[in-house]
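A short write-up of the structure that comes next.
The values are calculated or read from the model by the stated rules, or taken from the named source; none is laboratory data. Remember, it's a predicted structure, so these values are computed and weren't measured experimentally. Here the Cβ positions follow ideal geometry from the backbone for every residue, glycine too, while neighbour counts run over all protein chains shown.
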Amino acid sequence: MTGISIGIIGLALCVISCGIGSGLGLRATTNAAMGVLSEDPNKFSKVMPIALLPATQGIYGFIIAVMGASSLVAGMEVVAGLNVLYATLPMTIGGTVSAILQGNAAATTILALGKKEEIGTKSLLFPAMVEFYALLGLVVSIILIGALA
């Protein structure tokens, strides 16, 4: 296996894994949102931003893959390819896990919002706390990819 192959695997895993995590998180929020909206469609504007939160990790994974692609060069050594793979790990793991957990937190928030609309924007704080850890993974991967240059 060549260095560029290993780097490509790391970048692909980041996009795929974060995308899967976001998809699972969105499944949870969609289920909750549809339950609430089937009872009261007027809550759409309050439910939708919360329901979309787990999608951000998929976007972050894509950003890391695009940034990391600039580190790939034909004929790169295996060690350099491993460095690209390692640089993606904070986002790959942090993004995947946080997307799933954020989906669960956001789904619970949506259900609570459905029962008591006045909690409104206060309820956004709980799934947003999970987002913080996705952002940490994003920042660390950006720093590590920047160090590869």
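The table that follows gives values for the structure above.
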| quantity | calculated |
| --- | --- |
| THR30 being in a helix (DSSP H, G or I), within 27 Å of THR121 (Cβ to Cβ) and in contact (Cβ under 8 Å) with a residue 40 or more places away in the chain | no |
| Looking only at region 38-54, and only at residues there that are without any contact (Cβ under 8 Å) to a residue 60 or more places away in the chain and surrounded by fewer than 18 Cβ atoms within 10 Å (Cβ to Cβ), the one that is nearest to GLY146 (Cα to Cα) | LEU52 |
| Residue tally, condition surrounded by fewer than 16 Cβ atoms within 10 Å (Cβ to Cβ) and assigned to a helix (DSSP H, G or I), over region 113-132 | 12 |
| Which numbered condition GLY68 fails, given (1) farther than 11 Å from LEU144 by Cα; (2) touching a Leu at 6+ places or on another chain (Cβ under 8 Å) | (1) |
| Residue tally, condition more than 22 Å from the chain's Cα centre (by Cα) and surrounded by fewer than 22 Cβ atoms within 10 Å (Cβ to Cβ), over region 72-110 | 10 |
| Flag for GLY103 being at pLDDT 95 or above, among the small types (Gly, Ala, Ser), more than 17 Å from MET129 (Cα to Cα) and in contact with a Ser or Thr (Cβ under 7 Å, 6 or more places away or on another chain) | no |
| Candidate set from region 3-19 (those that are closer than 11 Å to ASN83 by Cα and not aliphatic (A, V, I, L, M)); member that is surrounded by the fewest Cβ atoms within 10 Å (Cβ to Cβ) | GLY3 |
| Residue within region 79-88 that is farther than 22 Å from GLY7 by Cα and β-branched (Val, Ile, Thr) present | no |
| Test: residue in region 10-32 that is of a type outside the set (S, T, N, Q), more than 19 Å from ALA128 (Cα to Cα) and more than 18 Å from the chain's Cα centre (by Cα) | no |
| Residue match in region 54-63 (condition: in a loop (DSSP other than H, G, I, E, B) and at pLDDT 95 or above) | yes |
